[in-house]
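To start, the structure itself, in structure tokens.
The values are calculated or read from the model by the stated rules, or taken from the named source; none is laboratory data. For clarity, every value in this text was computed on a predicted model and none was experimentally measured. Please note: Cβ atoms are built from the backbone with ideal geometry, for glycine as well, and neighbour counts cover all protein chains shown.
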Amino acid sequence: MISIIQKAVKYSDNTAIIVHDKKFTYRQLLGASTSFAGDLLMEIDDLHEARVGFMVDPGFDYVKVQWAIWQAGGIAVPLCLTHPLPSLQYVIEDTNATILVVSPQYETILSDLCQERNIRLIVLGNETLHENVVLPEIDITRRGMILYTSGTTNKPKGVVSTHRNLEAQVTTLVKAWEWKQTDHILCVLPLHHVHGIVNVISCALCSGAACEFLPSFSAEGIYKIFLDGMLNLFMAVPTIYFKLIAHWESLPVDKQVELTECMKKFRLMVCGSAALPVTVMDKWKHISGQILLERYGMTEIGMAISNPFHGERKPGHVGLPLPGVSIRLVDEQNQNVQLGEPGEILVRGDNVFLEYWNRPNATDESFVGNGWFKTGDIAIVEEGYYRIMGRNSVDIIKSGGYKISALEIEEVLRTNPEIKDVAVVGIDDEEWGELIVAAIVVSNPAIDLKELNKWLREKMAAYKTPRKYLLVNELPRNAMGKVTKNDVKKLFI
Ligand code: MCA
Ligand code: AMP
């Protein structure tokens, strides 16, 4: 990402970041990040890929810290702002982070852990200004970022991307979606995932565009900023479009008309991270005049397939491979399927990540042939356009655009003394994509489910917790004794 930061000089006087009506130029951003790189480096000349965790609110400081880590030669590890301590601790320990940077309000959550593990804690607010900071040369093959993703293992894995990977992910999108200096985007997404970090912030800042932040999601807040009339780009997950539609429908007619007129002027609205229901795409076209551009991506690969910026955006389809990204659809023996047959998506290109952090076996297992990454997603090509048909694991759930492992939730629930057995599944839901639900066998039929949920939320992020629990005498199993998740799903219908 170093070349992206270096480009900032070209756009010195452009507005880079807007938060709560406060504007910051590229000059200010680069000055602040370079100075903070000096803070990170202290007496040394290169962080040499030390992992730097950061728990910083969306906005100027977030980008300042992220850029500074890259400039100083560290690996950026963004932490989720809503994770409870055990989840944060897992990431910090798994990456063996030696420096943590936090906005002041997160200091108390992490200070004990930092003391215990001898981690250098930097609380933002009174940084010293460093002039003439000497920055190390960063080769693009070096590791730049670790993001945590849930998968078919019970614990999330750290996805390591090099600077080359990240640059490839950004440059293909900048070209495909024709980013310009005059663009102005709103960022409402969490900043510990690719969608917000790469597609929104990094593409904007690589192009000399302005990135405005709304620190947490609210339909009302988004529409208020839309009505300022400055934005021309928007990107979100299907659940957010669903919620925006619901809010628009609740407004009086004159307000609806005002919003519709304002949204018609956007040059592009993109949707992804989960399947976009055709009903949502149609309703959004009706209320905004915009044909949503749906694309397909993954933490390990950034974006891989996209509907065209010019040309037909086919409902229910994710489009065509992006430039520089090679795609194959294969059967269970990793052989190419016939055109028109469904197969697992394999991806190759500079956009594909380097490795799972400290998990050489998981890395090996996820690649076949000469650098082809196995996504686990099944697709089919129809009239030249890819359509995602599902995943090859029932244990991966997509809810609200987040990827969630059923196994991770089950493992935590099993540690509760009142739970004898449990099966977690995702059931179809128009708003959330999938809704997380759990069938449980309990030792005490009078179990207080609200208390159970409260207990769980102290251990894992709220967005990962089941929305419904069903008490059962036993879980459905096959002849081998394995829980049959498709039968578990049926229990909730
Ligand atoms: C929250 N709630 C839920 C869920 N999440 N209910 C059902 N299912 C869920 N998954 C409930 C909460 O419990 C709460 O209710 C109420 O909704 C509000 O909770 P809150 O956390 O405030 O939710 P929100 O702020 O309204 O969040 C909804 C959201 C959020 C904005 C859609 O989920 C979000 O930002 N999603 C985007 C995730 C993302 O960026 N994914 C990209 C990763 P109560 O108060 O009753 O408990 S994927 C990626 O990066 C790849 C590369 C890609 O392709 O893009
Ligand atoms: P994550 O690991 O959080 O980056 O999530 C990546 C996963 O999101 C992919 O493997 C897909 O299963 C899913 N995904 C992303 N975009 C789409 C889309 N447009 N349609 C269907 N699924 C998608």
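Total residues in the stretch 1-40 satisfying the condition of being of a type in the set (Gly, Ala, Ser), part of a helix (DSSP H, G or I), in contact with a Phe, Trp or Tyr (Cβ under 7 Å, 6 or more places away or on another chain) and at pLDDT 95 or above: the figure is 1. Residues of the stretch 112-145 that are touching a Pro at 6+ places or on another chain (Cβ under 9 Å), touching a residue at least 24 places away in the same chain (Cβ under 8 Å) and part of a strand (DSSP E or B): Met145 alone. Among residues of the stretch 46-59 that are at positive phi, those with a Cβ under 6 angstrom from a residue that is basic (Lys, Arg) and at pLDDT 95 or above, sequence gap 6+ or separate chain, pair up as Glu49/Arg143.
Please indicate, with yes or no, whether at least one residue in the stretch 189-210 is touching a residue at least 12 places away in the same chain (Cβ under 8 Å) and closer than 22 Å to Thr260 by Cα. Within the stretch 189-210 (the criterion being touching a residue at least 12 places away in the same chain (Cβ under 8 Å) and closer than 22 Å to Thr260 by Cα), the answer is no, since none of the residues qualifies. Going residue by residue through the stretch 59-66, is there one that turns out to be of a type in the set (Ser, Thr, Tyr), over 25 Å from Gln89 (Cα atoms) and modelled with pLDDT of 95 or more? Looking for residues that are of a type in the set (Ser, Thr, Tyr), over 25 Å from Gln89 (Cα atoms) and modelled with pLDDT of 95 or more, one finds none in the stretch 59-66, hence no. A single member of Leu166, Leu173, Leu231 is more than 29 Å from Thr363 (Cα to Cα), of a type in the set (A, V, I, L, M) and touching a helix residue (DSSP H, G or I) at 6+ places or on another chain (Cβ under 8 Å), and it is Leu231. Within this structure, Val441 fails the test of being in a helix (DSSP H, G or I) and either away from ligand 1 (no atom under 16 Å from the Cβ) or among the basic types (Lys, Arg) (or both). Does the stretch 331-350 contain any residue that is under 27 Å from Thr162 (Cα atoms) and touching a residue at least 60 places away in the same chain (Cβ under 8 Å)? Checked against the condition, which is being under 27 Å from Thr162 (Cα atoms) and touching a residue at least 60 places away in the same chain (Cβ under 8 Å), the stretch 331-350 yields at least one hit.
Checked against the criteria, Thr260 counts as modelled with pLDDT of 95 or more and away from ligand 1 (no atom under 15 Å from the Cβ). Where strands (runs of 3 or more DSSP E) fall entirely within the stretch 251-307, those with at least 3 residues that are buried (at least 22 other Cβ atoms within 10 Å of the Cβ) and aliphatic (A, V, I, L, M) are at 302-306. Filtering Glu434, Glu410, Glu451 for residues that are outside any loop (DSSP other than H, G, I, E, B) and free of Cβ contacts under 8 Å to residues at least 24 places away in the same chain leaves a single hit, Glu451. Counting the residues of the stretch 77-99 that are outside any helix (DSSP H, G or I) and under 14 Å from Ile146 (Cβ atoms) gives 8.
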